[in-house]
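The structure appears right after this line, and notes come after that.
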There are 2 protein chains.
Amino acid sequence: MPRDELPARWAAHHALGPGREFDAVRAMLARWGDLTRGVGDDAAVLDVPPGERLVVSTDASVEDRHFRRAWLTPGEIGYRAATAALSDLAAMAARPLGLLLAITVPGSWRDDLEAIADGIGDAARAAGAPIVGGDLSGGRELAITVTVLGTAASPVGRDGARAGDAVYATGRLGGPLLALRALERGERPDAAYRDRFARPRARIAEARWLAERGATAMIDVSDGLAADLRHVAAASGVRIVLDPDSVAAAAVSGAELADALASGEEYELALTAPRSARVEALEAALGVAIARIGRVEEAGAGGGGVELAGAGEGARVDLPRGHDHFSS
Amino acid sequence: MPRDELPARWAAHHALGPGREFDAVRAMLARWGDLTRGVGDDAAVLDVPPGERLVVSTDASVEDRHFRRAWLTPGEIGYRAATAALSDLAAMAARPLGLLLAITVPGSWRDDLEAIADGIGDAARAAGAPIVGGDLSGGRELAITVTVLGTAASPVGRDGARAGDAVYATGRLGGPLLALRALERGERPDAAYRDRFARPRARIAEARWLAERGATAMIDVSDGLAADLRHVAAASGVRIVLDPDSVAAAAVSGAELADALASGEEYELALTAPRSARVEALEAALGVAIARIGRVEEAGAGGGGVELAGAGEGARVDLPRGHDHFSS
């Protein structure tokens, strides 16, 4: 009765050969320890606190599409897959309720499965998200699909930016892009850049703090600051005007303005808030850098979008819409 | 601003090449029409009705592991992937709240994506489950991961079977196994068997009806009746004694007792309930066959498990624990 001993609903049919599938699931669950929750049933049962809404998102990390084996350790691959999904909860200012995993693991990755599980566990623990269910399959490429569940009384969307708000970003931007550039050239990235690339943080606590302070719109920087703010501008029906010097000052050492605007997979937060909300106090409260990088204006006759101040009337930042390193 | 036009949070980075990813997502969303819900944000926001609990499960369907391209149409592959996941909600007697999709699509499947989406849409519509989010990626094999969300005031688990209860199964068992046997021999399966294999139903309405009538434990038949009831016996700490004649009578025409016990991917329900609950009225109420196939006894000195009546003291049904056609 192997499946019944599992604390969460972990299916593993057609997976790793007779007997081995449950052994693999059990090994992962052992690594996670009390991080797992569930009822050992067909599905997990969870409670949404009264007055809170459910926030859900799913995010796949596929080998050679979202990561390369040569660039990251198995633990980092697991950690990043879970962090990318958890970051979507942060973007809504939601509190994590749990996560579900679907992992497809080829034979060539089988010995790395526990290390991958450790990385997933690190990310889940850092976010306070129990692992409530999963499904393990064999396959021809490593794929980690993470579905995150969270709750929030008032989720912060992309559509709340108002003319007069200021625009902010957490952290220091550009590191992941500089790390990727080095890796793609076959070079070893600077340790600081590599750390930003391999060990991003989902800004869960920071997002909730910012929402309580009065953030009006929020997004996580997954496609690049300019591309992600373009989503905020479109959803809110506003124009976002960035101050080039402020954006450049928010970049990691060695990164240029264009890097800070284009770098994806940062998992930092970009947000709008009235100046009166004084969200700069985040740094003193939670120890995470935050910079005011621009302002929100009426969309006006020229329409919405994102532009750089001083770049001339109606000039738009013309950057790639997304972070697309592996597109084929 | 392609992503902002999407009604649900559909990420599609690193997917199908510049521009094409959003085109593909938009084409799928167009097929689904008003079946999609969402806020076009980093995550979808949903409400759990007061007094209800959240029920969640995730289920991956991977090419050559869970299905073969030669055996099913693209629409059937999408339909089955969604139905398998929705069936886990049925097993808990939950009402669907929504589903999230992560689809990995290789170039060789790209032209079939809309047909796959149609099949997923058919299954979601049949279950009354809106599509609330997703993630589209490129990859080397087709994989469809479906996460289902549902709600129930009192989810029915595997652990509620009590000595004295009767054991029931819905539908007619054995069809999927007989279809698979023919397909594996390179033969064309009997149309009735193929239909059971290719177009199973998630017994959502039936499960809720049965729960209201007093079902004490429930599971969906995904690994085979005997294997799945073994989970119920273990979780409930009981022995389940099946009546061979009744199981054989619940099989599809042409299937034998062993087929009905072993056939997986049925997505019918196996359940326990007191005789006084009169769950046989399901057939008159909802038009779905149901058969009483056994009884629940104290685990006793011989432990729990599943056995066939008349097979001798302590004899256990010695069947494979799961449905493992593609294990390598």
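Go through the stretch B:159-185 and count every residue that is in a loop (DSSP other than H, G, I, E, B) and either aliphatic (A, V, I, L, M) or at pLDDT 95 or above (or both). It would help to see each step written out before you state the result.
Filtering the stretch B:159-185 for residues in a loop (DSSP other than H, G, I, E, B) gives B:159-165, B:171-172, B:174, B:185.
Next, only the ones that are either aliphatic (A, V, I, L, M) or at pLDDT 95 or above (or both) stay: B:160-165, B:171-172, B:174, B:185.
Number of matching residues: 10.
Return the total of residues in the stretch B:257-279 being open to solvent by less than 10 Å² (accessible area, probe 1.4 Å) and of a type in the set (Gly, Ala, Ser).
Looking only at that region, the number is 5.
Considering only residues that are within 14 Å of the chain's Cα centre (by Cα) and more than 26 Å from B:Leu177 (Cα to Cα), which ones fall in the stretch B:96-127? Walk me through it before giving the result.
If we filter the stretch B:96-127 for residues that are within 14 Å of the chain's Cα centre (by Cα), which is where we start, we get B:96, B:99, B:120, B:123-124, B:126-127.
Once the filter is applied, which keeps residues that are within 14 Å of the chain's Cα centre (by Cα) and more than 26 Å from B:Leu177 (Cα to Cα), the stretch B:96-127 yields B:Pro96, B:Leu99.
Considering only the stretch B:95-133, state which residues are free of Cβ contacts under 8 Å to residues at least 24 places away in the same chain and of a type outside the set (Ser, Thr, Tyr).
Just the residues of the stretch B:95-133 that are free of Cβ contacts under 8 Å to residues at least 24 places away in the same chain, to begin with: B:108, B:111.
The one that is free of Cβ contacts under 8 Å to residues at least 24 places away in the same chain and of a type outside the set (Ser, Thr, Tyr): B:Asp111.
Out of the stretch A:262-303, which residues are assigned to a loop (DSSP other than H, G, I, E, B) and of a type in the set (S, T, N, Q)?
Scanning the stretch A:262-303 gives a single hit, A:Ser263.
Which of the following residues is of a type in the set (Asp, Glu), at pLDDT below 95 and either touching a strand residue (DSSP E or B) at 6+ places or on another chain (Cβ under 9 Å) or outside any helix (DSSP H, G or I) (or both): A:Asp259, A:Asp223?
On the way: A:Asp259 fails: at pLDDT below 95.
Of the residues listed, the single one that is of a type in the set (Asp, Glu), at pLDDT below 95 and either touching a strand residue (DSSP E or B) at 6+ places or on another chain (Cβ under 9 Å) or outside any helix (DSSP H, G or I) (or both) is A:Asp223.
Of everything in the stretch A:27-61, what is in contact with a Pro (Cβ under 8 Å, 6 or more places away or on another chain), at pLDDT 85 or above and closer than 21 Å to A:Leu113 by Cβ? Give them in sequence order.
Across the stretch A:27-61, the qualifying residues are A:Leu29, A:Leu35, A:Thr36.
Any residue in the stretch B:202-222 that is farther than 15 Å from B:Ala153 by Cβ and within 14 Å of chain A (Cβ to nearest Cβ) sitting within a Cβ distance under 9 Å of a residue that is in a loop (DSSP other than H, G, I, E, B) and hydroxyl-bearing (Ser, Thr, Tyr)? List the pairs, counting only those 6 or more apart or interchain.
Partner pairs satisfying both residue conditions: B:Ala202/B:Tyr267; B:Arg203/B:Tyr267; B:Asp220/B:Tyr267; B:Val221/B:Ser263; B:Val221/B:Tyr267; B:Ser222/B:Tyr267.
With within 14 Å of another protein chain (Cβ to nearest Cβ), open to solvent by 10 Å² or more (accessible area, probe 1.4 Å) and either under 24 Å from B:Leu271 (Cβ atoms) or of a type outside the set (Asp, Glu) (or both) as the only criterion, which of B:Ala191, B:Ala161, B:Ala143, B:Ala152 stands out?
Details: B:Ala191 fails: within 14 Å of another protein chain (Cβ to nearest Cβ); B:Ala161 fails: open to solvent by 10 Å² or more (accessible area, probe 1.4 Å); B:Ala152 fails: open to solvent by 10 Å² or more (accessible area, probe 1.4 Å).
Only one candidate qualifies: B:Ala143.
Return the residues of the stretch B:194-207 that are part of a helix (DSSP H, G or I), open to solvent by 20 Å² or more (accessible area, probe 1.4 Å) and in contact with a helix residue (DSSP H, G or I) (Cβ under 7 Å, 6 or more places away or on another chain); say none if nothing qualifies. Full working, then the answer.
Pass one, the stretch B:194-207, residues part of a helix (DSSP H, G or I): B:194-198, B:204-207.
Subsequent filtering for residues that are open to solvent by 20 Å² or more (accessible area, probe 1.4 Å) retains B:194-196, B:205-206.
Result: B:Arg194, B:Arg196, B:Ala205, B:Glu206.
The values are calculated or read from the model by the stated rules, or taken from the named source; none is laboratory data. Given the structure is predicted, the values throughout are model-derived calculations rather than measurements. Positions of Cβ are generated from backbone atoms using ideal geometry, with glycine treated the same way; all protein chains shown enter the neighbour counts. Accessible surface areas use protein heavy atoms only, side chains included; no ligands, DNA or RNA. Shrake-Rupley method; radii C 1.70, N 1.55, O 1.52, S 1.80 Å.
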